[in-house]
Structure formats: structure tokens, C-alpha cells
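The values are calculated or read from the model by the stated rules, or taken from the named source; none is laboratory data. Note that the coordinates shown come from a computational prediction; the quantities given were computed from them, not determined experimentally. Neighbour counts are summed over all protein chains in view; Cβ atoms, including those assigned to glycine, are modelled from backbone coordinates with ideal geometry.
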Ligand code: ATP
Ligand code: MG
């Protein structure tokens, strides 16, 4: 059996988090919630596990199936097939089904550009655009099963592009618009995409990011030769953003839409027809091309959006994630649109022109649900309370977080300063591979505990086990695994089924291994303590990175922290932490001593870091996650040999290395 690095341990991970604050659902919220008690949640959960057929049939009633399924699941480890016999077209559930209802004229996408421009697209308009683009793609020779790369910014047309692919049964692969030409080339090559949909440029901090130029540089390379056509949406005028259009290869979006002669009917596909390929964030290694299919994925995204965000018809829902990440797929496009929600979409930087931007948008657009990531919460927290204090945030009724463990201090800040103590927080744990949210506390149904990702969602059967696969007791740390298949699970890694098996199914027999470490408390709540590969072994104690980092972030001087181990002749592993400070604190020896004492007090003397390094910022993936594997290299004073294509800012890494000398 192949054990990933760090899983060879015989002892379990010690979990030391002493967080014991609890926040009951606000009474006002609970009264109206979809699920109003822990018992009601338990009953639904039990049904989803014991009688999945009844559960999923009822919960997916709103979705459009051309033919219903005849068999719920076929499980041939590591391959699951869900809802066998069903046929559908995913875009019908997201668009067509609303046309005969009042939702047709409801705003589907409410967009704001960085310069303050706004646009609104109703469901009927989004449908129209999608049908036109889908017809155009067909006319260009794109067929069912062909791959189409989408390299765009956060504008409504990116949703149109995704849905148009779904409509003709083409498989989209959205590549985050911040990626380089080489990263785009690699993804085109891996997926063998035939066509690239892009735009002239996108706004970022007052500048224009020239997306089409980057596509040109990717397509010049022989590795990307599968892509022989592009469709370019004009987001700016030609005076603001010039693009080279290559004759015979590049087409303007408006021209191709104008040339559409036939209206294509939605391509009805099998439940297991591929919907998209999405490359993972690359926090832990080379990105993996995760494949999701039609029915299971749609059902997962639809049902979780409805329950986790407790969606109401009147909500203005804002998921801040870029569509280039899975969160943007499931909770900006497929989940909310299949529920007929109004989605807010923002193109631009969170701190442009200043750190009040998010809160000003919440106020102006009366946003009711905000779903964002710990990295954004910590960044805002670092800027102080004055920014949110300037705005009326009373429209908010629910807050969410995803992407990394949220440090309890950041949770408390989010709760008090943004939610003003009124809004439940849903801390949602899931992965690109899981397709939809797996763990959270349903708002209204169960209390939240800062730093805990709560309880399993419907159909999710998980466990915390030793490396040998034995279940551990309450509050004992171990490996987080899923014991049963769930509808929106990844079906394979594109073109590399063997890596799929190796990455997820070869560690713990019969289970999907998540790569994360966790513990379950006496109440059944899950606490994700970090990546198993990052678990720190300090003087015989095993500590998750999340716990040590959260202890540091609970000190008033610390905005963000990352903990890694460094090989040490004497101790085996020395503990190195990288810390960025809140404004007004000076990075000196006195503060170092204080922080060391603070960790000793919060966790224990053994966890006192050997080295505390101050940093302006920490290296992150482009989706905002701390890349500990690079910090490990910095701490050990060695070059990074792993894949760095998803690193957000090479300057941060260079600066850390320079500070070393
Ligand atoms: P790669 O798999 O390429 O290394 P990645 O794991 O960062 O990248 P994603 O699929 O975007 O790519 O992220 C999933 C991971 O993010 C989870 O395995 C977990 O480590 C972390 N994560 C996501 N949400 C939460 C959360 N609410 N609490 C704690 N950790 C989370
Ligand atoms: Mg991962």
C-alpha cells in the first residue's frame, strides 16, 4: 500500500485545540430556517444514508430529468456511477426550468465591475445568451464530449460560456484568469481542449489584465495545438485594450453570436456524461484534472446550496470565489442557478480602491448571504474594524467560509464585526474532488463552534481513522476518510485513472482518503487540523498546523501565521513559524518572546516554536491558501523543486528567501 508522506506514523495526531465556544443559531434565524433543529437534521441525514433513493429523488425534484433514474448507485471502487439510466441536460435545470415561472424575469446575475459599472442579467436573458453561444459552438464544430477551455475573468459571460458548453454536452475546463500562459498551455494540453473562450482583458487593481494576449502566448506553443479556435468576448473598448486577432483562429463573441442560424436544442446526455474538468489548487503538488459528471454533480451542488445557504427567493447571494475554482463552479454557477437565486458577482480586487470595497458592495446591493474564504477574512481583519464600521451591513443574514481551516479568532471577528452577532456562520469543508460541501453546521439547525466544520451533510459517511484504518475515539486525531460514495464525487482524474486510485483510494482500504487530518469531538463535530503531509511532529507530539496557527492568530499582534517543520539533528523536527503582523506592531525580539510564551500558554511548552520569522505576506496559491510545502523549503534553506505554477506571487517567496540571508 502506498502511504503518502507523514502517514506512516503509528501514533494518532494529538489534537490540542481548546476552543470551546459555542454559538447557538440566532432565534430569529432558526424560526424561519429550512431545517430548524439538530433532530430534524439528524432525521434527514439518516434518511439520506439509509434510504438514498427516496432522499435524492425527493430532494432533486426541482431539477429537470428527461428520463428518471432506474438505479441509484453502482459502486466499483474507485468508480461510482450515480443515478443510472437518468438523462438530462444540466443547463435546463439551471435556466429553462425557470422560464415558465416568475423567476424568468428575476435577476440571475448582478454584476459590479471594479470601476463601479453594474449590469443585470435576468434568467431569461442568461438563457438567451447561453442558447446563442451554444449554437455558435456547435456551428464551429464543437461536439458532445469535446473539451473547451474557458479563460475569463469574473463577468457574466463566463457563466454563459460554462452553461453553453453544458448545453451541447461539451466538457468545460475553466482556467483561472490569473494563471500564466504556461499554466494555461499545460491545462489545454492535458485536457486536449479544441477551443478557448476568453475575453480581451479583465480589471484588477485599476489595471487591465490582458487575457487574450496570454491566450495568444499559450497557443503559440506546440503543446497547445489541440486548440485551433478562440472566441473572444469584448469587455473593454478597443481604445482601452488592444488585441491581436489571428485570421482563421480568433473570432469575436459578438460576431459568432450574430452568425447563429439555427437554435440548438439542449443535448440530452446520460447521467454520467462528463460535465467539466477542473484542475485542483495545487496546495500540495502538481494540479490534478478532476472530472465531474452531470447528474450526480448537479444534484450535489443543488441540494447543498439550498440547505447550507438556506436559500430564499428574496436572497441576494454573493460567493466571492473566482469561477476558476470549484467553489465558483458549484456555488456561483451550478448550485445557485439551479435554485433560481440572484447571484452577485464582482470583478476586481477586494481592496480596490480601499479595504471598504466588500462592505460598500454589501451595503449598496443589499447582499444577504456572503460566502468567502479565511484568507479574505484575515486580510480584512488585519485592516481593522474601521472599514466595515463605515457601512450598513444589516442586509446580511448568513455568512459562510471555505478553503482553509478558519482560525477561531478570525471566525469571531467575522461573527462580530461583519455579522454583528446576528448571522450564523457556515464553515464548509469540501474539496475540488468532492464537488459539493461535505461538512458544515446547517444554519438554524445546529450550533456553530468557531474552528469546527461541523457535521456531515446528506449522504456523507465519514470517519477519522488511524493509518491502519481503525476508527479512533472522540477527540483523537487521525485521517479524515469517506466511507461511502456520494453523488458529486469526482469520477476520475482526466487521463490518469491510476493517479486517481493512488491519490485517494490506496491509503485506507475501502475508503476515499481526503489528505486532511481531523478529529471528531464528543458532540460529533469535526475539526480539520490541517493536511496530513503537514502534521508537525514535535518532541513526539503530533500537532496539526491549524491548531498551532490558530494559537498564534489569537495573539492580538498576529494577522496570519503558517507553521512548518524543519529537519533538526537534535530534535528530529524543529518548529518554524512564519507570522505576518497587524498594523502597529513591530517585528522585534520582544514580540518574538511574547509569541513563544503565548503558544506555550495556549498549547503547551513543547509546542513553543524554535524559530519565529516575521513576513510581510505568506506564499499562497492563487485561490488564497497558504502553501506550506514552499515554506518548508524556505525553512530548510533548500530550493523548491515541486510544482509552483499555482503560486500567487513569486515575489513573496523571493522576499522570504532574501530575508534569510
Ligand atoms: P491540491 O489538492 O492541488 O493540493 P487543494 O487541496 O488546496 O489543492 P481544493 O480542492 O481547492 O485544492 O481544496 C480542498 C482542501 O482545502 C481540503 O482538502 C482542505 O485541506 C482545505 N479546506 C477546504 N475547506 C476547508 C474548511 N472549511 N476547513 C478546513 N480546511 C478546508
Ligand atoms: Mg486537495
Completion exercise
Taking the range 152-176 and keeping only residues that are under 14 Å from residue 202 (Cα atoms) and out of contact with any helix residue (DSSP H, G or I) (no Cβ under 6 Å at 6 or more places or on another chain), one is left with 153, 154, 155, 156, 157, 158, 176
Fill in the blank from the handout: Picking from 61, 39, the residue that is modelled with pLDDT of 90 or more, loosely packed, with under 14 Cβ neighbours inside 10 Å and part of a loop (DSSP other than H, G, I, E, B) would be 61
Fill in the blank from the handout: residue 468 fails exactly one of (1) under 22 Å from residue 424 (Cα atoms); (2) surrounded by fewer than 24 Cβ atoms within 10 Å (Cβ to Cβ); (3) out of contact with any helix residue (DSSP H, G or I) (no Cβ under 7 Å at 6 or more places or on another chain), namely (1)
Problem - Test: residue in the range 149-164 that is more than 27 Å from the chain's Cα centre (by Cα) and surrounded by 18 or more Cβ atoms within 10 Å (Cβ to Cβ) - result: no
Problem - Residue ranges of strands (runs of 3 or more DSSP E) in the range 100-159 with at least 3 members closer than 21 Å to residue 278 by Cα - result: 147-151
Handout entry: Subset of the range 508-531 that is outside any strand (DSSP E or B) and over 16 Å from residue 470 (Cα atoms) - its residue that is nearest to the chain's Cα centre (by Cα)
Key = 525
Practice task
Select from the range 626-643 the residues that are in contact with a helix residue (DSSP H, G or I) (Cβ under 7 Å, 6 or more places away or on another chain) and within 16 Å of ligand 2 (Cβ to nearest atom) and list them in ascending order.
Solution key: 628, 630, 642
Problem - Filter pass, residue 487 being in a loop (DSSP other than H, G, I, E, B) and away from ligand 2 (no atom under 16 Å from the Cβ) - result: yes
Completion exercise
Across the range 249-289, the tally of residues that are within 16 Å of ligand 1 (Cβ to nearest atom) and closer than 19 Å to residue 163 by Cα stands at 4
Practice task
Looking at (1) touching a helix residue (DSSP H, G or I) at 6+ places or on another chain (Cβ under 6 Å); (2) within 16 Å of ligand 1 (Cβ to nearest atom), find the lone condition where residue 243 falls short.
Solution key: (2)
